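Below is one structure, written out as structure tokens; the observations come after it.
Here, each number is a calculation from the coordinates, and none is a lab measurement. Predicted model, so just to flag it, every value in this text is computed and none were measured. In this analysis, Cβ positions are derived from the backbone assuming ideal geometry, glycine residues included, and neighbour counts consider all displayed protein chains.
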Amino acid sequence: EAGVAQSPRYKIIEKRQSVAFWCNPISGHATLYWYQQILGQGPKLLIQFQNNGVVDDSQLPKDRFSAERLKGVDSTLKIQPAKLEDSAVYLCASSLVMGTPLSEKLFFGSGTQLSVL
Amino acid sequence: DAKTTQPNSMESNEEEPVHLPCNHSTISGTDYIHWYRQLPSQGPEYVIHGLTSNVNNRMASLAIAEDRKSSTLILHRATLRDAAVYYCILSGYNFNKFYFGSGTKLNVKP
């Protein structure tokens, strides 16, 4: 079974530039999560989708971050404009179906490491 | 939102059992208790989860206190490959609000 795919693996940009990250979840997984992980900290949930609808975006800095999941499959996370404090690893995760908790688990990609200079 | 409290770090000897504690005194009746671990330069990976009863799988065991205000992840025989950051997470019934804390960094000594 193919895992969660993320690209690019690394990205270096100047502050005030824009950047986008792409995630392809495991086939058939309805729920998709984006996390931000700053060095030395635990992952912080930015946004959660079920199919193409947003379940939770309470921690997404909406003035500069946006995310979409067209057709309920792939997802893109964008930062515009980037700030120095956005330097982090951006992780994507997916899970099969909401509502069957005893069999559920999240599968994570390897992440995109963003450096903002 | 329910929070979890874990020690910042723990140390274990190889091939000995490890008990990783987690306090979650504000847990609600429908919150699930999850454990994930993160090896260096990788995304987190699932370890185990449960609701009320103790759970076992090939990786670990999860012991949940009767009042559910704390839980313990048990690695029966630690190996060097178990050195990682272990996260205890509470989530709602629908796996919403899947919020990570700062975790416990486990060091395994040969």
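Quick look at the values:
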quantity: Amide H within-cut-off set for A:Val54, under 5 Å, with H built and near neighbours excluded; calculated: none
quantity: Per-residue HN-Hα couplings for the range A:29-38 [Karplus 6.51, -1.76, 1.60; θ = phi - 60°; Hz; x = Gly/Pro]; calculated: 6, 7, 9, 10, 10, 10, 10, 10, 10, 7
quantity: Radius of gyration and Dmax over the Cα atoms of the protein assembly as shown, both given in Å; calculated: 17.6, 52
quantity: Max mean-square fluctuation residue, GNM over chain B, Cα-Cα springs under 10 Å, options B:Val47, B:Val18, B:Val55; calculated: B:Val55
quantity: Cα-based Rg and Dmax for chain B, where Dmax is the largest Cα-Cα distance (Å); calculated: 13.2, 40
quantity: Hull volume in cubic angstrom per residue (convex hull over the Cα atoms of chain A); calculated: 101
quantity: Karplus-derived 3J(HN,Hα), 6.51/-1.76/1.60, for each residue of the range A:87-94, Hz, glycine and proline x; calculated: 4, 5, 9, 9, 9, 10, 9, 9
quantity: Approximate spin-label separation B:Thr52-A:Ala20, in nm, with each point projected 7 Å along Cα-to-Cβ; calculated: 4.8
quantity: Peptide B:89-99 - average C-beta neighbours from other chains (10 Å radius); calculated: 6
quantity: 16 Å Cα-Cα reach of A:Lys15 towards lysines, excluding residues that sit fewer than 8 places from it in its own chain; calculated: A:Lys78, A:Lys83
quantity: Among B:Asn54, B:Asn96, B:Asn13, residue whose mean-square fluctuation peaks in a GNM of chain B (springs only between Cα atoms under 10 Å); calculated: B:Asn96
quantity: Cα radius of gyration and Dmax for the range A:42-84 (Å); calculated: 10.8, 32
